[in-house]
1. Tell me, Kirkwood radius of the chain from alpha-carbon pair distances, in Å?
2. Could you please put Leu59, Leu11 in sequence from largest to smallest accessible area, using a 1.4 Å probe?
3. Charges only on Cβ, +1 for Lys and Arg, -1 for Asp and Glu: so what's the dipole of the chain about the Cα centre, in debye to the nearest 20?
4. So, in nm, how far is label Thr58 from label Gln82 when the simple model puts each one 7 Å beyond its Cα toward the Cβ?
5. Whenever you get a sec, compute what percent of the accessible area on the range 1-62 sits on carbon and sulfur atoms (1.4 Å probe).
6. Which length gain, in nm to one decimal place, applies between Glu44 and Ser7 when the Cα-Cα distance is subtracted from 0.36 nm times their residue separation?
7. Using the heavy atoms of the protein chains and a 1.4 angstrom probe, tell me the accessible area per residue for the chain in square angstrom.
8. Please compute the length gained on full extension between Thr121 and Thr69, using 0.36 nm multiplied by the number of residues separating them and subtracting their Cα-Cα distance.
Amino acid sequence: QVQLVESGGGLVQAGGSLRLSCAASGRTFSSYIMGWFRQAPGKEREFVAVISRTGGVTLYAESVKGRFTISRDNAKNTVYLQMNSLKPEDTAVYYCAADAGRGLSTTPNRFDYWGQGTQVTVSS
């Protein structure tokens, strides 16, 4: 089992940047595929980005491609989401998640463990 704790959210103006971190407990962090999802009020949780166990493969939602970068440091049991050129429509609660399965997935149901979320608010 793994516990996930996100940090780094906050209020930022449009065009600004934030870096989210997700710290994982346990010694098996490198065995999990890690993902970031977000959920805006009144909307379903949506995929943002996912990274393979070694960090060599990444996938992004079209809406964030070229602006967001997912990365991980297995030595620090941490996954990051660097968010640049933020837009008001990026406002949401951002969640990190861990997938013990095989292959990268963009589907929330595939992920086994979730953090509590961190709020990101982008003002216009």
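The values are calculated or read from the model by the stated rules, or taken from the named source; none is laboratory data. Everything numeric here is computed off the predicted structure, so don't read it as measured data. Don't worry about glycine lacking a Cβ; one is built from the backbone with ideal geometry, like all the others, and counts go over all protein chains shown. The accessibility values were calculated without ligands, DNA or RNA, using every heavy atom of the protein model including side chains. Shrake-Rupley method; radii C 1.70, N 1.55, O 1.52, S 1.80 Å.
1. About 14.2 Å for the chain.
2. Working: Leu59 70, Leu11 135 Å².
From most accessible down to least: Leu11, Leu59.
3. On the way: 13 positive and 9 negative charges, 50 e Å.
So the dipole magnitude of the chain works out to roughly 240 debye.
4. Result for the modelled spin labels: 0.7 nm.
5. On the way: 1610 of 3340 Å².
The C+S portion of the solvent-accessible surface of the range 1-62 is 48 percent.
6. Values: separation 37, 0.36 × 37 = 13.32 nm, distance 2.15 nm.
Between Glu44 and Ser7, full extension yields 11.2 nm more.
7. Numbers: 6280 Å² over 124 residues.
Counting only protein heavy atoms, the per-residue value for the chain is 51 Å².
8. On the way: separation 52, 0.36 × 52 = 18.72 nm, distance 1.81 nm.
Contour length minus the Cα-Cα distance gives 16.9 nm.
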